[in-house]
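Reading through the structure tokens given below for one structure.
Please treat every number below as a calculation from the coordinates, not as lab data. Here the structure is a predicted model, which means the values were calculated and not measured. Every residue, glycine among them, receives a Cβ derived from its backbone with ideal geometry; neighbour counts consider all protein chains shown.
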Amino acid sequence: MKRNTFFILMLIVLFLNACGDKKEDKTTNGTTDKNTENNTGNDSKPDKVKTDVKNADAEDIKKTLNEIAVIFKKQDAKELKKYFYFQDKYMLVSNPGVYIIAAVSDKFDFAEHLNFKTDELKFEEWAEFDIDTQEWNKQGIFAEVNIPNDYFTSICQNMKDYIGEVDDKTVELAGEIDKMEFIRVVFTEQYFRFYFAKKGDKWLIVAIDIHDFSA
């Protein structure tokens with residue numbers, strides 16, 4: 001009788017333990033699912049670009065690019081400053097070493113040569129660079145309307161994580177630019193990107209990105 005009672009008690013204990021484990025698993029799965037859902041929500045950003053630029057804006061961008069082309073040809077740093085959206089500064093993105101870096105700058109190294117014809121400018125989705133093949137999916141000069149995202153902020157975060165430092169002025173300007181809607185223009189032949197925002201009736205430079213995708 002005692003032996004039977006002992007076995008019955010053991011079965012009850014095992015049953016209760018099994019129920020507890022099942023409940024814990026359910027809670028863990030629930031938490032994981034919830035976190036996954038939240039992460040997905042945080043990571044999902046609008047990646048569709050707008051290409052329906054007004055004709056007037058398209059012509060103004062072409063006009064601005066023509067004027068900047070002349071400035072580059074003359075290597076006129078003083079004149080280039082007149083095209084900065086922020087007074088005497090813009091964001092410069094480059095990769096002098098292993099990492100892509102961003103920095104607030106008030107000048108430009110005209111050794112970065114730029115030749116183009118604005119009649120080749122197309123307002124459509126940007127060309128994409130394939131790191132594996134080291135080729136663009138299309139060639140030319142393309143402009144698209146940027147939807148606010150965290151491109152410049154993420155560069156700053158990577159600098160902090162991998163290089164160990166990034167100055168406050170760069171972080172502040174990166175955050176300000178990421179909130180803006182602007183037109184960005186890419187030159188596939190020269191790995192050159194301009195970011196323009198409109199102030200009044202003029203399109204001005206908020207950032208220049210010269211980092212080499214193939215590096």
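Observations on the model:
- For region 186-194, the Karplus equation 6.51 cos²θ - 1.76 cosθ + 1.60, evaluated at θ = phi - 60°, returns couplings of 10, 10, 5, 5, 10, 6, 10, 10, 10 Hz by residue, with Gly and Pro reported as x.
- Over all Cα atoms in region 54-96, the spread is summed up by Rg and Dmax: 12.3, 37 Å.
- Mean separation of Cα pairs under 8 Å and 6 or more residues apart, divided by the residue count, gives region 55-209 a relative contact order of 25 percent.
- In terms of packing, defined here as the mean over residues of other Cβ atoms within 10 angstrom, the peptides 170-183, 129-142 line up highest first as 170-183, 129-142.
- Amide H contacts under 5 Å for residue 207, placed H, 5+ residues apart: 91, 195
- The rule of thumb for compact globular proteins, 2.2 N^0.38 Å, goes into the C-alpha radius of gyration of region 55-209 1.02 times.
- In order along region 203-208, phi translates into HN-Hα couplings of 9, 10, 7, 9, 7, 10 Hz, rounded to whole numbers, per the Karplus curve 6.51 cos²θ - 1.76 cosθ + 1.60 with θ = phi - 60° and x for Gly and Pro.
- Distance violations [Cα-Cα > 19 Å] among 89/169; 138/179; 63/122; 160/198; 73/169: 138/179; 160/198; 73/169
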